[in-house]
Every structure is written in C-alpha cells, then in structure tokens.
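Comments concern the structure below.
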Amino acid sequence: MSDVIVIGGGPAGSTAARICAKAGLSTRVLEEHASLGYPVQCAGLLSNNAFAECEVSDRSVYNTVRGAKICGSEGHSLSFDAKTTKAYVVDRGRLDHEIAVRAAEAGAEFSLKTCVTKINPGKKIIHTAGGEELPYNILIAADGPRSVAARSLGIPPSPFIYSGIQAEVPWNGDPSLVELHPNAAPEFFAWVIPMSEKRARVGLCGMKNVPDLFAKFLSRFPGSTIHSVTGTIPIGIRRKTFGSGCMLIGDAAGFPKPTSGGGVYTGIRSARFAAETAVKSVEAGDTTDAFLSQYETLWRGDFGRELDMGLKALEFRRNLDMEDIDAAIDAMNTPEILDLIVRYGDMDRPSDLLKRLMMKPGLYGTFGRIGIKGIVRSVFG
C-alpha cells in the first residue's frame with residue numbers, strides 16, 4: 001500500500017505528489033485520462049505568482065501581459081499598463097505535463113486511464129472503473145469540481161458552479177493587455193487573452209445561457225476559430241476539506257478565485273499544505289481527522305480570507321447592471337486610481353487594492369451607491 005495516493009494529475013495533484021515523493025513517501029497518482037495535461041479546460045492565463053508556484057521552465061509560455069483594458073458599454077473603458085510582466089499566457093497542456101514529469105522524476109508513480117468511481121471512507125478503499133480496490137493511508141483528492149472523493153465523503157458541492165467556453169481567434173490588438181468585458185456576461189465577465197499580435201483566446205464564463213452569450217461575444221471577432229474548450233468552475237469553498245484520511249485540494253475543494261475563476265495559484269498552494277500535512281501524518285503514524293485538521297488551518301491562514309472576500313465580491317457583482325458597471329469604470333478612470341491599480345493590483349490577493357480604493361474620497365459616491373463598501377466591512381470589519 002502506498003503512503004499517499006493522489007487522485008488527479010493536474011497542477012495541484014502533481015505538485016502534491018512531487019512533494020510527497022521527494023520527502024520519501026511512496027506516492028501513486030491516479031489519472032483518469034490517457035495523457036497528462038489533456039484535455040485542456042483552462043483559459044491559460046497565470047499570474048506571476050501562479051506561474052512561479054508551478055516551478056517549471058518557460059517552454060509553455062506563448063506571451064506575457066503587462067496590464068488590462070476593462071471594456072464596458074461604448075464610451076466606457078479604462079486601461080492600465082504596469083510596464084512589467086504581470087501574467088503569463090501559457091499552453092496548459094504543456095505546462096501540466098512538465099509539472100507531472102517533475103513529480104515522476106521525484107519518484108511518484110502515475111497510473112493513467114485509471115478512473116476512480118467511488119471511495120469507501122470507512123474502510124479507506126478506492127474503487128476504480130477497472131475493478132481495482134486500492135487501500136489508502138493518506139488520500140489527496142485533486143479530482144476537480146465533480147470530485148468523487150468529496151461526494152463519497154458526503155461533503156456538499158460549492159455553492160456556485162460556473163461554466164466557461166473559450167476559443168482561439170484571429171485578432172489584431174495590443175498583445176500586452178488582457179481585455180475584460182463584464183457587460184458581455186451578466187454574472188461574471190468575458191475576456192480576450194492575447195497569444196500574439198495576430199491571435200487571441202476569447203472566452204466567457206457564467207451560470208446561465210453561456211453558449212448563447214458566448215456566441216454573441218464571439219461574433220465580434222470575424223474569422224475562423226480553433227481549439228474550442230469548455231470547463232466547469234466551482235466557486236465557493238466546500239463546507240469541509242478533509243476527513244477519513246483524505247484532503248481535498250484545488251478545484252475539488254472549491255478553491256478557484258471568485259474574482260477571476262483562476263485556480264492554479266490556490267490549487268498549488270493547497271497542494272503544498274496537503275503534502276506537508278501528509279508527510280507529518282505518515283511520520284507520526286496518525287491519520288485521524290484531528291491530525292489532518294491542520295491542513296485546513298494552513299490553507300485558511302494563507303488564502304482563506306481572500307476567497308471569502310472574493311465570494312462576497314462575486315455575489316455583489318451578480319446584482320450589478322450595465323449602468324452600475326459603466327459608472328464604476330468611469331469613476332476609476334483617473335490617473336490617481338490607475339496608478340493605485342498598477343502599484344497594488346494582485347490577481348491572486350486583490351483585497352489590499354480593494355481596501356486602498358475604499359479610502360479614496362473620489363470613489364465614495366459611486367462605490368457607496370452600488371454597495372461595494374459593504375463587502376470590505378463584512379470581510380475586514
């Protein structure tokens with residue numbers, strides 16, 4: 001029996017496996033697909049911190065971006081350029097594969113085409129579609145939004161399940177800026193992620209009418225489309241992230257950022273905490289819930305408040321109409337505010353910028369009217 005079994009060979013699962021194997025634990029990764037990194041179900045835009053957490057080469061990088069353009073209704077937009085790299089546009093298939101290879105080199109064993117169908121938490125046995133019954137000591141579940149592990153443990157899903165669609169299109173624009181279009185998706189936003197000066201990824205995320213909204217947004221970009229991908233994003237932390245020798249990480253735990261939908265940064269951060277807890281658990285010979293609870297303490301102390309704030313911001317955003325969004329864009333489109341965004345903006349930890357914006361008298365009227373100050377008060381007191 002392996003010391004640690006990891007379900008899912010994405011960035012979070014492979015990172016957890018690498019750390020466990022490097023620490024000397026016998027580690028096995030169960031991956032349902034036939035190849036690592038595919039199918040791709042991600043926009044492929046990683047913040048500087050997220051890319052650094054991956055600990056990979058730059059072979060997967062298509063482009064780097066320095067800022068963003070937020071596009072409301074016609075005549076309402078703002079742009080900011082940090083003049084330095086803020087995010088990486090990557091080939092997620094290649095990125096995921098490189099992370100998995102590093103785990104294998106550390107000693108983790110990968111079992112491809114191994115689909116987990118259920119888990120018996122009482123007996124600590126994993127059942128696979130191939131008929132295997134695998135006993136586990138420590139289980140790290142990185143099996144995505146529809147986590148079999150979470151379901152088997154009786155842990156309810158995230159409160160919001162978003163769907164996203166993305167395609168690559170011909171494009172002529174500034175390759176250094178990502179475009180965000182909140183009015184194209186009433187519950188979230190649409191985006192344009194430049195891969196080069198001639199091509200971009202165009203996508204949209206929401207909860208209702210996503211195919212129709214995406215088709216309407218895509219019509220703005222004439223020309224043939226390729227490499228269409230879809231994905232599911234769980235928003236909101238699950239009620240519990242551990243139990244019966246198992247720890248949920250990444251999307252399986254509901255860790256995607258509510259402000260952007262990105263899950264690589266929080267996924268890998270949670271993988272590090274789960275692996276740290278697994279190593280200590282094996283060394284102590286203690287897999288009780290009381291011992292594994294330190295995993296939840298670790299991730300909550302790191303990014304828990306950011307996710308809480310992000311969820312409140314998302315719930316608030318769902319009640320905004322186009323006029324509210326345009327008013328917010330106009331209010332922030334001043335040299336002072338744009339400079340603040342450039343200096344303190346952080347894709348992974350946006351709370352610092354939000355607090356600083358709330359201190360600006362020029363935004364009191366607009367943000368007070370649309371209620372955003374309530375988010376800060378409710379999260380930070």
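The values are calculated or read from the model by the stated rules, or taken from the named source; none is laboratory data. Small disclaimer: the values here were computed from a predicted structure and weren't measured. Note: ideal-geometry Cβ built from the backbone for every residue, glycine included; neighbour counts use all protein chains shown. With ligands, DNA and RNA removed, areas are computed over all heavy atoms of the protein, side chains included. Shrake-Rupley method; radii C 1.70, N 1.55, O 1.52, S 1.80 Å.
Checked against (1) modelled with pLDDT of 95 or more; (2) under 25 Å from Glu283 (Cα atoms), Gly122 meets all criteria but (1). Considering only residues in segment 195-214 that are buried (at least 16 other Cβ atoms within 10 Å of the Cβ) and part of a helix (DSSP H, G or I), the one that is farthest from the chain's Cα centre (by Cα) turns out to be Leu213. Residues that are more than 24 Å from Arg349 (Cβ to Cβ) and touching a residue at least 60 places away in the same chain (Cβ under 8 Å) were ranked within segment 215-231; the one that is least open to solvent (accessible area, probe 1.4 Å) is Val229. With the structure loaded, tell me whether Ile99 is free of Cβ contacts under 8 Å to residues at least 24 places away in the same chain and among the β-branched types (Val, Ile, Thr) or whether it fails that test. Here the answer is no, as Ile99 does not meet what is asked.
Residue count for segment 232-243 under the criterion of being in a loop (DSSP other than H, G, I, E, B), open to solvent by less than 50 Å² (accessible area, probe 1.4 Å) and closer than 24 Å to Phe316 by Cβ: the result is 3. Please tell me if Asp321 is closer than 26 Å to Ile5 by Cβ and surrounded by fewer than 18 Cβ atoms within 10 Å (Cβ to Cβ). Considered against the rule, which asks whether it is closer than 26 Å to Ile5 by Cβ and surrounded by fewer than 18 Cβ atoms within 10 Å (Cβ to Cβ), Asp321 comes out as no. Residues in segment 68-83 include none that are within 23 Å of Arg272 (Cα to Cα) and among the small types (Gly, Ala, Ser). Screening segment 248-347 for helices (runs of 4 or more DSSP H) wholly inside it with 3 or more residues that are modelled with pLDDT under 95 and in contact with a helix residue (DSSP H, G or I) (Cβ under 9 Å, 6 or more places away or on another chain) returns the ranges 305-317, 322-332, 335-344.
Residues in segment 353-367 that are at pLDDT 75 or above, open to solvent by 30 Å² or more (accessible area, probe 1.4 Å) and not in a loop (DSSP other than H, G, I, E, B) were compared, and the one that is nearest to Gly310 (Cα to Cα) is Lys355.
Considering only segment 120-160, state which residues are crowded, with 20+ Cβ neighbours inside 10 Å, touching a helix residue (DSSP H, G or I) at 6+ places or on another chain (Cβ under 8 Å) and over 18 Å from Ala17 (Cβ atoms). Scanning segment 120-160 gives Pro145, Ala150.
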